[in-house]
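**Q** Dropping a structure here in structure tokens format, bear with me for questions.
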Amino acid sequence: MTTQQIVLSARPKGLPVSDDFRMAQIDLPELKPGEILLKGMYYSVDPYMRGRMNDAKSYVAPFEIDQPLNGGVIAEVVESKSDQFKSGDVVIGHFPWQKEFIATEKEAKKVDTDLASPSHYLGVLGMTGLTAYFGLMHIGKPKAGETVVVSGAAGAVGIVVGQIAKLQGCHVVGIAGSDEKTKLLKTDFGFDEAINYKTTADMNKAIAAACPKGVDVYFDNVGGEISDAVIKNIAFHARIPLCGQIALYNSTEVPMGPRLQPILLTRSVLMQGFIIGNFQEKFPEGIQQLAQWVKEGKLKTTETIEQGFENLPKALLGLFKGENTGKMIVEA
Ligand code: NDP
């Protein structure tokens with residue numbers, strides 16, 4: 001059987017371009033005992049994939065040139081040589097950007113499609129939902145009445161962070177890149193205030209106005225100048241879960257900014273970076289809580305679903321242009 005895959009054809013300089021990716025055709029071998037043949041249904045695109053396009057040491061290995069990219073995928077079992085899976089089962093795993101692929105039974109985990117739509121397992125009930133939950137609850141530790149600011153607020157992680165912070169009784173301020181997004185955060189997702197960083201000339205002033213008592217928790221998804229402005233407004237004993245730095249992922253030079261340590265020091269602020277894998281042992285607790293909030297209607301979900309396997313690179317690049325609201329997913 002032949003199938004198609006999307007490979008990394010070149011390492012990008014700055015913002016990736018479509019020529020950095022290439023479609024390739026490959027033959028799949030026969031299934032061996034314990035293996036399953038899968039057909040991709042939903043593919044996750046995530047900002048961290050940009051880092052994997054560089055040849056640099058990090059917490060996850062770089063993508064290889066002429067090899068398929070890979071990430072979170074929801075797939076259907078087409079053929080099974082495992083007694084744990086049957087054809088028609090829907091599974092999640094870390095799989096290649098390939099239309100069909102073979103996995104061992106250890107690499108795939110069944111998902112319950114009666115409980116939630118399959119794509120939710122890549123978003124609110126998956127990696128990004130868990131990132132929001134653990135980053136906010138275990139590092140941010142919000143208390144009722146406190147002010148929580150989240151950047152990248154209309155994205156997959158941010159939109160969940162804001163809603164969980166509201167469930168904790170906080171005053172919640174989101175920062176996002178369009179009027180459409182800031183309006184949606186307030187009307188549909190319960191944010192108290194939302195700031196469009198692309199049209200706000202003085203972010204420092206806008207954050208001060210939205211957070212009159214200062215910022216007790218800053219959930220940082222973006223870094224750069226947005227975070228510089230939030231940190232200027234940070235409250236005493238604030239917590240900063242350092243989740244992402246998307247504003248810097250395409251930098252070609254070492255980004256420079258104001259020295260923030262004096263503020264952190266004099267206001268006794270805790271800033272802690274984290275990778276969601278740090279919380280792996282607690283995932284069942286997080287999934288259960290997120291699923292319960294979704295079921296009770298307390299946590300709303302939204303996704304941007306791009307159609308067509310061949311559009312995976314376009315969807316990935318779209319993350320850096322703010323083309324998504326909620327989780328960005330590609331339906332094959
Ligand atoms: P998103 O769904 O938020 O997509 C990215 C969003 O970032 C875009 O929609 C865009 O929205 C915004 N953005 C893009 N470029 C810039 C920029 N230069 N400055 C400010 N905002 C920008 O992605 P996720 O929710 O999946 O991820 C959010 C962050 O969390 C990322 O930095 C990611 O790397 C990180 N992350 C970290 C994890 C961890 O384990 N630590 C796990 C998962 C994600 P807009 O229109 O508002 O500009």
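**Q** Report the gain in length on full extension from Phe283 to Thr252: 0.36 nm times residue separation, minus Cα-Cα distance, nm rounded to one decimal. Walk me through the numbers before you get to the answer.
**A** Numbers: separation 31, 0.36 × 31 = 11.16 nm, distance 3.52 nm.
Full extension from Phe283 to Thr252 adds 7.6 nm.
**Q** Another question, then. Normalised by the empirical 2.2 N^0.38 Å for globular proteins, what value does the Cα Rg of the chain take? Please list the in-between numbers first.
**A** Details: Rg = 20.5 Å, N = 332, 2.2 N^0.38 = 20.0 Å.
With N residues counted in the chain, Rg over 2.2 N^0.38 Å equals 1.02.
**Q** What GluC sites (Glu not before Pro) does the range 288-327 have in DSSP loop regions with at most 11 other beta carbons within 10 Å?
**A** Values: sites: Glu296, Glu303, Glu306, Glu310, Glu323; in loops: Glu296, Glu323.
Within the range 288-327, the qualifying GluC sites (Glu not before Pro) (loop, at most 11 other Cβ atoms within 10 Å) are Glu296.
**Q** Residue farthest toward the positive end of the dipole of the range 80-181, with Cβ of Lys/Arg at +1 and Asp/Glu at -1: which of Thr131, Ser117, Thr104?
**A** Projecting each Cα onto the dipole axis, the largest value belongs to Thr131.
**Q** How high is the relative contact order of the range 238-332? Use alpha-carbon pairs under 8 Å, at least six apart in sequence, and give a whole percent. Please list the in-between numbers first.
**A** Details: 72 pairs, mean separation 23.7, N = 95.
So the answer I get is 25 percent.
**Q** For the chain, what does -39500 (n - 2.57) per DSSP helix run (n ≥ 4), summed and divided by total residues, give at 222 nm, in deg cm²/dmol to the nearest 500?
**A** Values: 9 runs with 77 residues, N = 332.
Theoretical 222 nm ellipticity from helices: -6500 deg cm²/dmol.
**Q** Could you work out the local net charge near Pro255, counting Lys and Arg as +1, Asp and Glu as -1, over the other residues with Cβ closer than 15 Å to its Cβ? The partial results should precede the final answer.
**A** Working: positive: Arg50, Arg259; negative: Asp220, Glu225, Asp228, Glu253.
Computed value for this residue: -2.
**Q** Determine the gain in length on full extension of the stretch His138-Asp114; use 0.36 nm per residue of separation and subtract their C-alpha separation, reporting nm with one decimal. Working shown, then result.
**A** Numbers: separation 24, 0.36 × 24 = 8.64 nm, distance 2.98 nm.
That works out to 5.7 nm of additional length.
**Q** Are there any helices in the chain, counted as whole DSSP H runs, that stretch 27 Å or more along their axis by Cα and score at least 1.0 on average by Kyte-Doolittle, and if so which?
**A** On the way: long enough: none.
What comes out of the filter, once short or polar helices are dropped, is none.
**Q** What's the local net charge at Asn204, with K and R +1, D and E -1, over the other residues with C-beta under 9 Å away?
**A** On the way: positive: Lys205, Lys232; negative: Asp202, Asp228.
Neighbour charge sum, excluding Asn204 itself: 0.
**Q** At what distance in angstrom do the alpha carbon centres of the range 86-120 and the range 149-176 lie from each other?
**A** 29 Å
**Q** Still on this structure, please answer the following. Could you tell me the calculated FRET efficiency between Glu310 and Phe236, based on Cβ-Cβ distance and R0 = 35 angstrom, to the nearest 0.05?
**A** 0.10
**Q** Can you compute the charge dipole magnitude of the chain about its Cα centre, using +1 on each Lys and Arg Cβ and -1 on each Asp and Glu Cβ, nothing else charged? Give it in debye, rounded to the nearest 20.
**A** Values: 34 positive and 38 negative charges, 231 e Å.
In total the dipole reaches around 1100 debye.
**Q** Hey, another quick one. How high is the FRET efficiency between Lys198 and Lys39 when r is their beta carbon distance and R₀ equals 41 Å, given to the nearest 0.05?
**A** For Lys198 and Lys39, the calculated efficiency is 0.55.
**Q** Which of Ala154, Gly169, Pro62 sits farthest toward the positive end of the charge dipole of the range 59-188, with +1 on the Cβ of Lys and Arg and -1 on the Cβ of Asp and Glu?
**A** The residue sitting most towards the positive pole is Gly169.
**Q** Here is a follow-up. Would you mind telling me which residue in Tyr133, Tyr48, Tyr59 has the biggest mean-square fluctuation in a Gaussian network model of the chain, where springs connect alpha carbons within a distance under 10 angstrom?
**A** Of Tyr133, Tyr48, Tyr59, the most mobile in the Gaussian network model is Tyr59.
**Q** Per residue, how much space in cubic angstrom lies within the convex hull of the C-alpha atoms of the range 17-171? Before the final figure, lay out the partial values.
**A** Numbers: hull volume 22.5 nm³, N = 155.
Cα convex hull per residue, to the nearest whole number: 145 Å³.
**Q** Select from Gly145, Gly257, Gly40 the residue whose mean-square fluctuation is largest in a Gaussian network model of the chain (Cα-Cα springs shorter than 10 Å).
**A** Gly257
**Q** Another question about this same structure. Between Leu265 and Asp83, what is 0.36 nm times their sequence separation minus the Cα-Cα distance? Round to one decimal in nm. Working shown, then result.
**A** Values: separation 182, 0.36 × 182 = 65.52 nm, distance 5.73 nm.
Here the answer is 59.8 nm.
Read-outs: derived from the displayed coordinates by stated rules, not from any lab. The shown structure was predicted, so the numbers you read here are calculated from the model rather than taken from an experiment. Counting neighbours? That spans all protein chains shown, and the Cβs are built from the backbone with ideal geometry, glycine included.
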